[in-house]
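To start, the structure under review is shown below, and the notes come after it.
Computed from the coordinates by the stated procedures, all read-outs in this text should not be read as laboratory data. Keep in mind that this is a model prediction, so the values were computed, not measured. All Cβ positions, even for glycine, are placed from backbone atoms using ideal geometry, and neighbour counts span all protein chains on display.
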């Protein structure tokens, strides 16, 4: 087990169930092994910043006024000749379907949708993806990275950071910017402002992602999977060309191209369940065929077989899991209350994702023992007590503090 500079006393938000151990994502490429450069979600008076920001949606925002502002903004970019005028990244899940549709139908935009391929598609994820352009009448550009490169980066991110999803997140976030340049499309749309998830305080009440969060200085140090680019090439045969589209665009280049990333959720009150209902009607979007492991839902983030291990490794490092994330969002949106959420977290947060475990091990080329050893290497001692020597391993550990 390890300690790091994040070993602050555990506290849970008194409005939702989020832990103050939640670490805000590194927006460019600075993840390191000891999390020494990380920032925790802000809390004030035992309330997390995400709850503060979402409350504004229902008490302070004039959505009609924002709709007018949005229409005026889009008038400057709307295509007059049928060419693409914006990009909506996504997988054909409920949120990306909703975003592309509202831009097309309500605001008369002509979006190109873009997908950075999952590591290993689930069956339902593949069906939902295929139905998106087929039934929603939106074109899609699918980018599938080299299997060798992506698998190796995922392995390295797991071993160096206990963050197997990091390379995918980089590719998903950065490749779309390169696509915007390639197709000369200036607008990229994302969903909710990051402040609604607790992050990016300097973007509060802003509709645009600041360029410093998605571009890099010319000589900025870059880490991918915890390693510098020269080390990736010399030790792991991953060249700078192999990794080009995982990396953010140079800031000067981004400014020259006049690319902008806009939060659709600033102008439209995006709600997960409403997104699901529209996607189910429009594209025949299907939820999981069973409850998703580690949580109670069936329709969130279901397209990638590696996805469960993103949540489980975060649970190991930070002491909160997938159910905590989803229940906190649903409290803020008014779908469940806090007492219900606490019961759900106690029931599901600790659940081990068995369904795709073997495929995950095969994909990153490690053994089951190596997997568990790596979990323990990153398991913070201020969060976990060892309570046994059960051969199933996960029963050996107990959180010192749970949400109540």
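A few remarks follow.
- Using only Cα coordinates, the Kirkwood hydrodynamic radius of segment 61-267 works out to 18.2 Å.
- Antiparallel bridges, percent of DSSP beta bridges restricted to segment 61-267 (to nearest 5): 15 percent
- Nearest 10 degrees, 0 to 90: helix 94-105 Cα axis against the chain principal axis: 10 degrees
- With contributions of -39500 (n - 2.57) from each DSSP H run of at least four residues, the per-residue ellipticity at 222 nm computed over the chain stands at -12500 deg cm²/dmol.
- Once both labels are positioned 7 Å from their Cα atoms along Cα-to-Cβ, the gap between residue 71 and residue 208 label points is 2.2 nm.
- Neighbour-count ranking [beta-carbon atoms within 10 angstrom, fewest first] of 137, 289: 289, 137
- As a proxy for reagent exposure, ranking 124, 54 by other Cβ atoms within 10 Å from fewest up yields 124, 54.
- Degrees, to the nearest 10: 147-161 long Cα axis against longest axis of the chain: 50 degrees
- Solvent-free Debye calculation, one equal scatterer per alpha-carbon of segment 232-300: log10 I(q)/I(0) at 0.16 Å⁻¹ equals -0.87.
- Exposure proxy shown here: for 109, 18, 126, the number of other Cβ atoms within 10 Å sets the order, fewest to most, as 126, 109, 18.
- Estimated FRET transfer efficiency when R0 is 35 angstrom, pair residue 240-residue 372 (beta carbons, to 0.05): 0.55
- 0 to 90° range, to nearest 10: angle between helix 307-318 axis and the chain longest Cα axis: 60 degrees
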